[in-house]
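The values are calculated or read from the model by the stated rules, or taken from the named source; none is laboratory data. Just so we're clear, the structure is a prediction, and the values are computed from it rather than from any experiment. Don't worry about glycine lacking a Cβ; one is built from the backbone with ideal geometry, like all the others, and counts go over all protein chains shown. Ligands, DNA and RNA are stripped out before the accessible areas are found, and what is left, the full protein with its side chains, is counted by its heavy atoms. Shrake-Rupley method; radii C 1.70, N 1.55, O 1.52, S 1.80 Å.
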Amino acid sequence: MNVTVRGRTQPCRTVAFDRARNAVRLIEQRLLPHEFKIVATRNFRETAAAIHDMIVRGAGAIGATAAYGLAQGALAFHGRDLPKFRRHVETVYQTLKAARPTAVDPVNAMNGVRAAMRAGRTVEEQQSLALAAAGEFASEDVRHCEEIGRHGAKLIHNGMKILTHCNAGWLAFVDVGSATAPMYAAQAQGKKFHVFCDETRPRSQGATLTAWELAQQKVSHQIIADNAAGHLMQRGEIDLVIVGSDRTLGRTGEVANKIGTYTKAVLAKRHGIPFYVAIPLSTIDWKLKRGFDIPIEERHESEVLGAWGTITNPKSEIRNPKSAQRAYVRVANPTSGARNPGFDVTPPDLITGIITPVGIFKPKELWTQRRRLGFAD
Ligand code: MRU
């Protein structure tokens with residue numbers, strides 16, 4: 001998508017690879033919306049740390065980062081000893097896999113890279129196959145999001161008010177986004193609509209990232225407190241909900257997504273509001289049989305007990321965003337602890353449809369349509 005920073009507009013992708021430096025280039029998402037900065041990770045351990053520390057986040061974006069990280073690790077190997085190379089690649093794979101547990105895209109992306117590498121007979125051949133496969137995963141992520149936009153735009157009509165949760169926009173993918181793809185496609189078709197971004201405590205991805213993206217793309221929007229959605233639904237002020245997913249079970253249609261998604265799905269059902277989930281094919285887990293078995297990331301309690309933001313004089317921030325100082329503010333009672341599950345699982349009966357690159361399906365149809373959706377025995 002195009003990014004405008006200090007009056008200069010340029011196209012930008014969330015994740016890219018610098019072959020000359022063997023580095024993964026990422027947008028430093030922790031600084032947004034206050035500062036736009038590109039960083040480069042110089043080895044696979046730094047790439048895994050960037051995923052773990054949420055410099056890059058969102059299912060498709062960490063999928064592409066892990067794929068490039070695997071290629072980066074493979075390319076850093078010197079020598080011709082294939083068994084030694086394989087052991088090294090296994091270490092790289094496990095390090096990247098452990099960075100964040102809930103999203104399945106990194107595992108699917110790296111499995112694709114490893115499968116492609118098997119066609120190589122030498123270390124050198126496998127190294128170049130790894131990089132080509134990582135690049136293909138990134139390109140496919142963009143194509144899938146564009147197709148999601150084509151299918152999902154039909155759900156958006158003039159005058160609609162749409163709720164989204166967390167950030168399943170282009171920052172969460174390589175480009176375009178999943179939940180935002182139908183919005184950008186509808187905007188390109190000239191449709192007028194309004195988006196409510198759930199703030200999405202505790203990390204506030206809706207307030208910081210989705211709102212920044214929509215502002216950049218000039219989509220009409222407002223941030224709402226997470227607790228406001230029920231009230232707006234009751235008053236007829238929300239017509240449609242579109243969210244993303246970090247792992248969708250192909251066998252059951254259960255959807256893991258950012259904490260609070262399940263609550264919104266229950267509310268939408270109660271008010272008869274269509275609730276859609278937008279996913280590329282890399283988000284489907286064909287193995288797990290029960291949503292209960294999805295590993296739910298438990299994050300540090302400090303995220304719940306306080307918040308990151310910038311401390312600034314509002315007037316000086318307008319003149320010079322760099323004068324804003326990033327700081328953590330403790331909000332909660334100093335002697336209390338917190339529980340911080342990062343994701344929840346929404347059952348299929350609360351989901352109207354799953355918007356995929358090959359069409360919109362009922363959650364239970366994922367399994368019956370598995371061949372079209374990329375399932376391989
Ligand atoms: O913890 P995050 O910011 O990496 O959360 C993941 C997500 O971006 C969301 O759960 C999103 O809705 C689905 S991923 C496109």
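Grab the other residues whose beta carbon is less than 12 angstrom from that of GLY112, score K and R as +1, D and E as -1, and report the net. Spell out each step's value before the answer.
Working: positive: ARG114, ARG118; negative: ASP105, GLU136, GLU140, ASP141.
For residues surrounding GLY112, the net value is -2.
Of the heavy-atom accessible surface of region 2-146 (probe 1.4 angstrom), what whole percent is carbon and sulfur? Before the final figure, lay out the partial values.
Details: 3240 of 6620 Å².
Carbon and sulfur atoms account for 49 percent of the accessible area of region 2-146.
Only Cα pairs under 8 Å and at least 6 apart count here; give the relative contact order of region 2-146 as a rounded whole percent. Can you show the working numbers first?
Details: 210 pairs, mean separation 29.4, N = 145.
In percent, rounded to a whole number, it is 20.
How much accessible surface does VAL266 have with a 1.4 Å probe, in Å² rounded to 10?
Roll a 1.4 Å probe over it and VAL266 shows about 70 Å².
Ordering GLU28, GLU90 from largest to smallest accessible area (1.4 angstrom probe), what's the sequence? Walk me through the numbers on the way to the answer.
On the way: GLU28 15, GLU90 75 Å².
Correct descending sequence by accessible area is GLU90, GLU28.
List the lysines whose Cα lies under 26 Å from the Cα of LYS161, skipping any in the same chain that are fewer than 8 positions away.
Of all the lysines, those that pass the test against LYS161 - Cα under 26 Å, at least 8 places apart if same chain - are LYS191, LYS192, LYS218, LYS258, LYS264, LYS269, LYS362.
Aspartates and glutamates within cross-link reach of LYS154: Cα-Cα under 19 Å, excluding same-chain residues under 8 positions apart?
GLU146, ASP239
Tell me, what is the 1.4 Å probe accessible area of GLU124, in Å² to the nearest 10?
140 Å²
State, as an integer percentage, the relative contact order of the chain based on alpha-carbon contacts under 8 Å between residues 6 or more apart.
Normalised by residue count, the contact order of the chain is 16 percent.
So how much accessible area does LEU75 have, in Å² to the nearest 10, using a 1.4 Å probe?
We get 30 Å² for LEU75.
Of all DSSP beta bridges in the chain, what percent run antiparallel (nearest 5)?
On the way: 29 of 48 bridges.
Antiparallel: roughly 60 percent of the beta bridges in the chain.
Kindly sort ILE223, ILE273 by accessible area of their heavy atoms, largest first, with the probe set to 1.4 Å.
Working: ILE223 85, ILE273 20 Å².
My answer, sorted largest first, is ILE223, ILE273.
Indicate the gyration tensor shape class of region 2-146 (rounded, prolate or oblate), computed on the Cα atoms with a ≥ b ≥ c the square roots of the eigenvalues: a/c under 1.5 is rounded; otherwise a/b larger than b/c is prolate and the rest oblate.
Prolate is the answer for region 2-146, as a/c is 1.5 or above and a/b outweighs b/c.
Largest first, how would THR95, THR346 line up by accessible area (1.4 Å probe)?
On the way: THR95 40, THR346 0 Å².
Output order, biggest surface exposure first: THR95, THR346.
What whole-number value in Å² describes the accessible area per residue of region 2-146 for a 1.4 Å probe? Don't skip to the end; give the middle numbers.
Working: 6620 Å² over 145 residues.
Result: 46 Å² of accessible area for each residue.
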